[in-house]
Amino acid sequence: MREGEGKYVFAAEHDGTYKFCFSNKMSVVAHKTVRVVIDTGTDENLESLATKSNLDSVEQSIVSISHMVRMVEFHQANYRQLHERHLTTVAATNFQVRMWSMLECLSVFIVAALQVFFIKRTFPSHPRTSRIGV
């Protein structure tokens, strides 16, 4: 599976050991972050121990809250990762903006110096005086 960003969900059909393989064929130079979340088991394990009629409403609420807390933790970790990646992008962009600003300032000073040089060369500061008729 080749994908830039996203989520891949795999439901195992059989008990046993599974292996994950990640490839970096496209670019070995670029920085990459891979986040793997493995959720083992579902709430069905509780249902196999007792039917829903045996669970009172408090136990059902606890199971539901437990699932929601896991989802909140997953999303918070995902948002932290996105925040770090965007912060890195902002820092790199800020550096580039500073470099371009310095280059623009330097070019303005060079153009100003060249203008002064050519104006002084065109109009000399000591005009030549010529004496006529003396």
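The values are calculated or read from the model by the stated rules, or taken from the named source; none is laboratory data. On a predicted model such as this, the values are computed, not experimentally measured, just so you know. FYI the Cβ positions are ideal-geometry reconstructions off the backbone, even for glycines, and counts take in every protein chain you see. These area figures cover heavy atoms from the full protein model, side chains too; ligands, DNA and RNA do not enter into them. Shrake-Rupley method; radii C 1.70, N 1.55, O 1.52, S 1.80 Å.
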Points 7 angstrom from Cα along the Cβ direction at His67 and Ile38: gap in nanometres?
2.3
Multiply the residue gap between Ala12 and His126 by 0.36 nm, knock off their C-alpha separation, and tell me the result in nm, one decimal place.
31.8 nm
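Please work out the FRET efficiency for the pair Asn24 and His83, using the Cβ-Cβ distance as r and a Förster radius of 35 Å; give the result to the nearest 0.05. Write down the numbers at each step before the final one.
On the way: r = 24 Å, r/R0 = 0.68.
The value I calculate is 0.90.
Which whole-number value in Å² is the accessible area per residue of the range 57-132, probe 1.4 Å? Walk me through the numbers before you get to the answer.
Working: 7260 Å² over 76 residues.
Ligands and nucleic acids excluded, the figure is 96 Å² per residue.
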